[in-house]
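Structure record follows, encoded as structure tokens.
The values are calculated or read from the model by the stated rules, or taken from the named source; none is laboratory data. The structure presented is a predicted model; accordingly, all values stated were derived computationally and were not measured. Quick reminder, even Gly has a Cβ in these numbers, built from the backbone with ideal geometry, and neighbours come from all protein chains shown.
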Amino acid sequence: MSASLVLEQLLNGLQFGLMLFLLSAGLTLVLGMMDVVNLAQGSLYMLGAYFAATLGAATGSFWAGVVGAVLATAVVALLLEVSVLRRVYGADHLTQVLATFALILMFNEGVRMIWGPQALLLSVPPELARPVALLPGLSYSAYRLAIIATGAVLAVALFLFIHRTRVGMWVRAGASNRRMAQAMGVPIRRVFTGVFVVGAALSAVAGALLGPIFAVQVGMGEEVLILAFVVIVIGGIGSVKGSLVGSLLVGVVDTAGRAFLPAAFGQLFPPEVASNLGPAVASVLIYFLMALVLFLRPQGLFPVRG
Amino acid sequence: MSRTVRVVLVVVVFACTLASGLASGQARTLKIGFVSTLSGGGAALGVDVLDAFQLALRHLGGRLGGLPAEVITVDDQSSPDVARTGVERLLRRDRVDLVTGIIFSHVLLAVGDLIFNHGTFYISPNAGPSEYAGEQCNLHFINVAWQNDNMHEAMGHYATLKNYETAFILAPNYPAGRDALTGFKRFYKGRVVSEVYTRLGQLDYSAEIAQIRAARPRAVYAFYPGAMGVNFIKQYAEAGLMQQVQLLVPGFSADADVIRAVGKPMVGVFNSSHWALELFNPINRRFVEDFRRTYGRVPTLYAAQGYDAALAIDHGLRAVGGDLSRKADFRKAILSGFDSTRGRVRFSKNGYPIQDYYLRQVVELPNGEIINRLRGTIFRNHADAYVNQCRLP
């Protein structure tokens, strides 16, 4: 096992983790601040990917498509917050789950009606569809590097926003204790609308950027939604820092599991057993991680509530 | 609404139902249950099979074996559960005479028993699991395309002929993926440095590609159908591996659907197939020309299989005069050979074809079109490896 292989797998894990962070940042704040379980976050991610595909094809520029998708998804999120989510703030979790699960079904069926049931297969923008030599013997896809860069910039920006601005302070106060923050004059409702829209926009960035790596298809949101929930459980509900650490952990553990576990089992077991066991264990590794965190620190790695 | 109008309406509606019932009673309609993957990452495959099946039906004047045919489609979403529900409905409510269409082997294996135990024939245009080739072979099962291992056996043989000493092999973790790599290894005499099974439906192959780069094999053999293949090959090219390690794939990962999505990086890729655009026979020529004209795209091997499934059903039904209760005769008629897009195809007793397998290469034509070209024959009259375990006569 060479150093360049480990490094490349780390980059893969980082890329995957940063995209998971974009998805889980909004989710964790919404859950932390307003105690709303929003299953429709995955649908916003899917919408981002579809908008990017359509707008990218219409304008002929991939990046124009990404920007347009983020704006369009933010508008949809605003409408969603005003029309549906506001009504379930005070409700119990089961009601919220039912309402947002209904949203998933409606979004999925709507997308099927507009864009059709077949997956859209996007291409990486041509200027980035080539490898870049990082070190002698290690070249890495330029597009994935661009994803890492975008994810890192957004993560830093979000972190500064949350920890260095007045509005950010309100957000933190709301996540820590909503009633107390409200009593101190924080306009929680408006802050929350803003948080929801920004969270949706970040999910749309993830959807738009991951479109060319995965495939843009109905149901793509649910797959990542589960991972996003794993992330926020690991990180601690309501904590942006926690969701960043959780995302990177999940990204690296998942990639490393897929990359190294089958080979490791190959040393221990006969090939027939290893080829069955390796992929199976690799796919549940992050759930082991989550169980471990829950066992050791039931509040997550960075608990917000006192 | 006045009472008279209401009465008239009721009478009209009743008369219409009666008339339509009588009309269908005049000549029995053959109902075909078409279960296939029509949404998601495998949709291109199912849609190709279905479109070609419908084209064949049109070429046959809307009739199979002389009976007017009706196709009832079910989208299995490549999920065994969805397929089971769909098949139950086709068998019990729609009372179909015959089932066909399934793309993925894990879907077929989940519904096979249901169909066979109901006493209904399943004519497979794609999925050809090893399970149904050996001890579990069934009177009600015929595959008009290939047994899963075959296409990969051909590439394994080709890799041996080209003297690739080491190979890194990958497939999705599902029955056809396992059949694929088993088939490849059966005929590959070099050393397999790594055998990787990925999650079915996985679309990001960065971790696997990094492993390939580190292992430095002479060749990579990857079986990825549909969107999985599109993504694997794109990412393989983006990682700069195309120039470094020879990529070998079966026809599934290098047909028109994948070429359309991947484009230029596909040029030069060698792949195996039991069918090719330029196979010289009148059936194939008509199929290729009309498919392009009707649907505006180049047909894939999946499309050829869908077309052949309809031809096989038509051939079998003709032999029994449209009477599917003469099961042994129906089966015997198809197994003794029918004229397909690949010429005359014969079968082993387990219902799988004995046929030639070709080598194709993706080339760019002077007009910029990227297309598969026939490069030679890898196997002649090749049968599957499991037929001796089948106890059917």
- Consider residue A:78 carefully, then state whether it is more than 23 Å from residue A:146 (Cα to Cα), modelled with pLDDT of 95 or more and part of a helix (DSSP H, G or I). yes
- On the given criteria, is residue A:130 surrounded by fewer than 18 Cβ atoms within 10 Å (Cβ to Cβ), within 28 Å of residue A:75 (Cα to Cα) and charged (D, E, K, R)? no
- Note on the structure: Only unsatisfied item for residue A:59, checking (1) more than 26 Å from residue A:240 (Cβ to Cβ); (2) surrounded by 24 or more Cβ atoms within 10 Å (Cβ to Cβ); (3) out of contact with any Leu (no Cβ under 8 Å at 6 or more places or on another chain), is (2)
- Task: Of all residues in the range A:119-140, count the ones that are touching a residue at least 24 places away in the same chain (Cβ under 8 Å), outside any loop (DSSP other than H, G, I, E, B) and facing chain B (nearest Cβ under 10 Å).
- Result: 3
- Message: residue A:31 - would you say it is in a helix (DSSP H, G or I), surrounded by fewer than 24 Cβ atoms within 10 Å (Cβ to Cβ), within 12 Å of chain B (Cβ to nearest Cβ) and touching a helix residue (DSSP H, G or I) at 6+ places or on another chain (Cβ under 9 Å)?
- Response: no
- Right, residue A:90: more than 19 Å from the chain's Cα centre (by Cα) and in a helix (DSSP H, G or I) or not? no
- Just checking, which of A:16, A:21 is within 14 Å of chain B (Cβ to nearest Cβ), buried (at least 20 other Cβ atoms within 10 Å of the Cβ) and of a type in the set (Phe, Trp, Tyr)? A:16
- Name every residue in the range A:242-284 that is assigned to a helix (DSSP H, G or I) and surrounded by fewer than 17 Cβ atoms within 10 Å (Cβ to Cβ), in order of residue number. A:263, A:264, A:267, A:268, A:271, A:272, A:273, A:276, A:277, A:280, A:281, A:284
- May I ask you to say which residue of B:224, B:164, B:174 is more than 9 Å from chain A (Cβ to nearest Cβ) and either charged (D, E, K, R) or surrounded by 24 or more Cβ atoms within 10 Å (Cβ to Cβ) (or both)? B:224
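Checking the condition touching a residue at least 24 places away in the same chain (Cβ under 8 Å), in contact with a helix residue (DSSP H, G or I) (Cβ under 8 Å, 6 or more places away or on another chain) and not in a helix (DSSP H, G or I), which residue from A:294, A:301 passes?
A:301
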- Where a residue in the range B:184-205 is more than 9 Å from every other protein chain (Cβ to nearest Cβ) and its partner, wherever it lies, is assigned to a loop (DSSP other than H, G, I, E, B) and among the charged types (D, E, K, R), with Cβ under 8 Å and at least six apart: B:190/B:165; B:190/B:218; B:191/B:165
- Determine the pairs where a residue that is under 25 Å from residue A:217 (Cα atoms), located within the range B:38-64, has a partner that is surrounded by fewer than 22 Cβ atoms within 10 Å (Cβ to Cβ) and of a type in the set (Ser, Thr, Tyr) with Cβ atoms under 6 Å apart, the partner being 6 or more residues away or on another chain. B:51/B:295
- Item | Qualifying positions in the range B:90-106 - over 13 Å from the mean Cα position of the chain (by Cα) and under 20 Å from residue B:172 (Cβ atoms) | B:106
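Residue check: is residue B:218 farther than 27 Å from residue B:351 by Cβ, of a type in the set (D, E, K, R) and surrounded by fewer than 24 Cβ atoms within 10 Å (Cβ to Cβ)?
The answer is yes for residue B:218.
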- Message: I'd like the full set of residues that are within 16 Å of residue B:173 (Cβ to Cβ), of a type in the set (A, V, I, L, M) and within 12 Å of chain B (Cβ to nearest Cβ), limited to the range A:249-280.
- Response: A:259, A:261, A:263, A:274, A:277, A:280
- Message: When you check residue A:228 against the structure, is it free of Cβ contacts under 8 Å to residues at least 40 places away in the same chain and either surrounded by 16 or more Cβ atoms within 10 Å (Cβ to Cβ) or of a type outside the set (Phe, Trp, Tyr) (or both), yes or no?
- Response: no
